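What follows is a short report on a single structure.
The values are calculated or read from the model by the stated rules, or taken from the named source; none is laboratory data. Here the structure is a predicted model, which means the values were calculated and not measured. Cβ: placed from backbone, ideal geometry, glycine included. Neighbour counts: every protein chain shown. Ligands, DNA and RNA are stripped out before the accessible areas are found, and what is left, the full protein with its side chains, is counted by its heavy atoms. Shrake-Rupley method; radii C 1.70, N 1.55, O 1.52, S 1.80 Å.
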Amino acid sequence: MYLPPHDPHVDDPMRFKPLFRIHLMERKSATVECMYGHKGPHNGHIQIVKKDEFSTKCNQTDHHRMSGGRQEEFRTWLREEWGRTLEDIFHEHMQELILMKFIYTSQYDNCLTYRRIYLPPSSPDDLIKPGLFKGTYGSHGLEIVMLSFHGRKAKGTKITGDPNIPAGQQTVEIDLAHPLQLPDIENLRDFSELSRIVLEVQEQVRREEQEEEQQQGEDEDRSQQAASSPAAQPQGGEGAEVEETAAGAEWATQDKTPASQPFVLPMGVISRNEDYPRACRICFYGTGLIAGHGFTSPERTPGVFVLFDDDRFGFIWLELKSFSLYSRIKVSFQNAEAPSREAFDEMLKNIQSLAT
């Protein structure tokens, strides 16, 4: 299993932790050992559920327990997963979130299900190479996000989750048809100025969506009229498809490597990592998904996608006054490419349905 580095060191390499191992024996038999806990390998079981899915089960869960009870287990988990001790964490809300994560993950230390995920397909027109990224999520620590491109949109899907937004959900969506022109560096420090720019674009996007819905309704009406009139010529067709394709590539006609511009976070925006880049290439309007504990009352809120370079981007959560920094995972995964765009889209839909 790959784990993100300790918060907030988003540029550090991933950590590797073995969860089980399989010994292949003669006559096509095998033994499975669980590696969880601190008492060494012990008896386990593996089951192939269906294509691209299998489960592991520990048969000796007493090996997972510690003599000092749950308190010792929690402190050990905190040191290994976060690189900290409980005394290092002064923020009460952060202590609560970390404890929730420990309770949740420790429920499943004896039985785990694994499902195949594909890396996103790439295109020469993509803003940057898609793939997996480590991202900062405030008191939740570092999480893994998959960045993929879909015409005029880019999507960030959570591969690991937290008590608020589970894995499989679309954490950010970037509208590549609406780049943002940031103010000069001094005005950028003013949060109200950035907020004004973003909310203006949000209103523009809302109007465009309404016009698009209205246009679709009119097109449907014309199609019905054409179907009832044998002499009528079909509307739309190939021309409409070409128009949509051109709209989808609208952002690609822009210079994808513009001169960098100075960047600084507005006053009052909180960042777990103060060592963020001070120059960016381009920014786009986007939305981020927020929710209460247990994924209650989810809603998409406006924000700013900031592209720093080929391997790093950020997102300013306007409503939360928070900043997430993402850094590319540079582990080489074997046989992880999607066989087709359709297979990748189906996988995204499946992991989101699991989360809901």
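Calculate the length of the line joining the C-alpha centroid of the range 304-327 to that of the range 1-74, in whole Å.
Rounded to whole Å, the Cα centres lie 33 Å apart.
Tell me, what % of the accessible area of the range 1-83 is carbon and sulfur with a 1.4 angstrom probe? Mind showing how you got there, number by number?
Values: 2900 of 5510 Å².
With neighbouring chains kept in place, the figure for the range 1-83 is 53 percent.
Could you state the orientation-averaged shadow area of the convex hull built on the Cα atoms of the range 43-166, in nm² to one decimal?
Values: hull surface 41.7 nm².
So the Cα hull casts an average projection of 10.4 nm².
How much mean residue ellipticity at 222 nm does the chain get from its helices, if each DSSP H run of length 4 or more adds -39500 (n - 2.57) and you divide by all residues, to the nearest 500 deg cm²/dmol?
Details: 6 runs with 97 residues, N = 356.
Helices in the chain give a 222 nm mean residue ellipticity of -9000 deg cm²/dmol.
Going down the list LYS51/LYS155; LYS28/LYS101; LYS28/LYS134, which pairs span over 30 Å between their C-alpha atoms? All intermediate terms of the calculation are to be shown ahead of the outcome.
Values: LYS51/LYS155 26 Å; LYS28/LYS101 39 Å; LYS28/LYS134 39 Å.
The answer is LYS28/LYS101; LYS28/LYS134.
Give me the percent of DSSP beta bridges within the chain that run antiparallel, rounded to the nearest 5. Can you show the working numbers first?
On the way: 69 of 72 bridges.
In the chain, approximately 95 percent of DSSP beta bridges are antiparallel ones.
What number, in percent, do you get for the relative contact order of the range 139-221 if the mean sequence gap of Cα pairs under 8 Å and at least 6 apart is divided by its residue count? Please list the in-between numbers first.
Values: 76 pairs, mean separation 13.6, N = 83.
Relative contact order comes out at 16 percent.
State the dimensionless ratio Rg/Rh of the range 138-232 (Rg: radius of gyration of Cα atoms; Rh: Kirkwood radius). Intermediate results must be reported in sequence, preceding the final value.
On the way: Rg = 20.3 Å, Rh = 17.3 Å.
Here Rg/Rh amounts to 1.17.
How much accessible area per residue does the range 125-180 have, counting only protein heavy atoms and a probe of 1.4 Å, in square angstrom?
Values: 1270 Å² over 56 residues.
Here the residues of the range 125-180 average 23 Å² of exposed surface.
Filter the chymotrypsin sites (Phe, Trp or Tyr not before Pro) in the range 86-117 down to the DSSP loop ones having no more than 12 other Cβ atoms within 10 Å, then list what survives. Could you put the intermediate results ahead of the total?
Working: sites: PHE90, PHE102, TYR104, TYR108, TYR114; in loops: PHE90, TYR108.
Passing sites in the range 86-117 are PHE90, TYR108.
Over all Cα pairs of the chain, how is the pair count split among 10 Å bins, expressed in % and running from 0 up to the last occupied bin?
4, 20, 28, 23, 14, 7, 3, 1, 0
Counting only C-alpha contacts under 8 Å and six or more residues apart, can you give the relative contact order of the chain as a whole percent?
On the way: 596 pairs, mean separation 60.1, N = 356.
Value for the chain: 17 percent.
Just tell me which aspartates and glutamates come within less than 15 Å, Cα to Cα, of LYS129; anything on the same chain fewer than 8 places away is out.
ASP309, ASP310, ASP311, GLU337
Within the chain, what's the longest run with no GluC sites (Glu not before Pro) in a DSSP loop and at most 10 other beta-carbon atoms within 10 Å? Give the range, please.
Details: sites that count: GLU26, GLU274.
Answer - 27-273.
Tally Lys and Arg at +1 and Asp and Glu at -1 over the other residues with C-beta under 11 Å from the C-beta of LEU265: what net charge comes out?
Spelling it out: positives minus negatives among the neighbours equals +2.
Quick check: the distance between the Cα centres of the range 103-149 and the range 163-209, to the nearest angstrom?
Centre-to-centre (Cα) distance: 22 Å.
Please report the carbon-and-sulfur percent of the accessible area for the range 270-315; probe 1.4 Å, protein heavy atoms only, DNA, RNA and ligands left out.
In the range 270-315, the share of accessible area belonging to carbon and sulfur is 50 percent.
Below 8 Å, C-alpha to C-alpha, sequence gap of six or more: please give me the relative contact order for the range 23-158 in percent. Kindly include the intermediate steps, with their values, before the conclusion.
Values: 165 pairs, mean separation 21.5, N = 136.
Dividing the mean separation by the residue count of the range 23-158 yields 16 percent.
Sum up the charges of everything whose Cβ sits under 12 Å from the Cβ of GLN170, counting Lys and Arg as +1 and Asp and Glu as -1, but leave GLN170 out. Walk me through the intermediate numbers first.
Working: positive: LYS153, LYS155, LYS158, ARG300, LYS349; negative: GLU173.
It works out to a net charge of +4.
Roughly how many percent of the accessible protein surface of the range 91-184 is carbon and sulfur, given a 1.4 Å probe and a whole-percent answer? Let's see the in-between values first.
Numbers: 2000 of 3760 Å².
So the carbon and sulfur contribution to the accessible surface is 53 percent.
Once you wrap a convex hull around the alpha carbon atoms of the range 56-129, what is its projected area averaged over all directions, in nm²?
8.2 nm²
Please work out how much accessible surface ASP126 shows to a 1.4 Å probe, ignoring ligands, DNA and RNA, in Å² rounded to 10.
20 Å²
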